[in-house]
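Computed from the coordinates by the stated procedures, all read-outs in this text should not be read as laboratory data. None of the values given here were measured: they were computed from a predicted structure. In this analysis, Cβ positions are derived from the backbone assuming ideal geometry, glycine residues included, and neighbour counts consider all displayed protein chains.
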Amino acid sequence: MPAPSHGFIDDVARARGLVVTRRGAHTARLQPAGEPPAWYCDLSEGIPDGENNPASFVRWVCPALRTVPPAGSPTLDVHRPGPHSDLRRIAAWFGRLAGRSSSPAAEERYAYTDPHGILDAGLRHRVEHWPDAVHGDGIVRPAELWSIQVTREGLVVTSVSWWGSAPALDHQLALAMDVADRLTALGAPHPP
């Protein structure tokens, strides 16, 4: 089996002027040059190790936007509700073949908590519609956002189950930076 190609990471890093740090054969970190970086993006290919089959993920974090939310509504939370495993997707596909209703609209695939109106129609469209990505088995399918959350760690934007796609990685970086800019303009709380 040939070694995996991670050239898409280098392509995006070059185009955006980012620094790439390799953390093994299947993980990397992207970040702007300078100390401390304004944000970082960890990529993990999710290589099967026998009994486990971890999903690939890309996780973008902006530590400056960390918050300790008061009791009640979070500053921003977008996530996929319920189980979203490959097995569930296969079952839904068989259901559609059997004549059952099609999958829910994109708007129903995400639960939004956005009390400050950070995500306008344009950003929601970008959350719900990603460019095609190449999966490890060669099948082209869209990348998927898993969540956008403001946490004690910072603004965290995570996607799962895709790998090898410069357009999908660039999409995630641009989406995350735009959400961070809007939160900053809102005056999102962060530590002193």
The set of residues whose placed amide H lies less than 5 Å from the amide H of residue 155, leaving out same-chain residues fewer than 5 positions away, is 62, 65, 66
For residue 120 and residue 152, extending 7 Å from Cα along the Cα-Cβ vector and measuring point to point gives, in nm, a value of 3.5
To the nearest 0.05, how large is the calculated FRET efficiency for residue 113 and residue 25 if R₀ is 41 Å and r is the Cβ-Cβ distance?
-> 0.65
